[in-house]
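Right, one structure below, let's go through it.
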Amino acid sequence: MCGQMKDQNGWRIGTNDELHVTYREPNIVGNESKKTRWAGHLVRISDDRTVQKVLLGKPDGSRKAGRPK
């Protein structure tokens, strides 16, 4: 969405296609996001790396039982 645009009927929400025509930039809808590419990278790295350990969510150690002081 490119925000509010004024036309003959008043204000309305513009479309991505109108933004593309106005600024002659490629349409970004449907492109792979940075988060998706980062997740693919995490899957491929070795198991002994810290980032991979955080991703798997298996921390070393345990918490103390009971209510904290």
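Numerical summary
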read-out: S62-L42 FRET efficiency (beta carbon distance; Förster radius 35 Å; 0.05 resolution); value: 0.90
read-out: Leading residue at positive end of dipole, region 4-56 (Cβ point charges), from N9, L55, T36; value: L55
read-out: Relative packing of peptides 36-45, 12-21 - highest average C-beta neighbours within 10 Å first; value: 12-21, 36-45
read-out: Two-decimal ratio, region 4-56, of alpha-carbon radius of gyration to 2.2 N^0.38 Å; value: 2.02
read-out: Cβ charges +1 (Lys, Arg) and -1 (Asp, Glu), total dipole of region 4-56, debye; value: 220 debye
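Bear in mind these aren't lab numbers, they're just calculated from the coordinates by the rules spelled out. The structure displayed is predicted, hence computed values, not measured ones. Don't worry about glycine lacking a Cβ; one is built from the backbone with ideal geometry, like all the others, and counts go over all protein chains shown.
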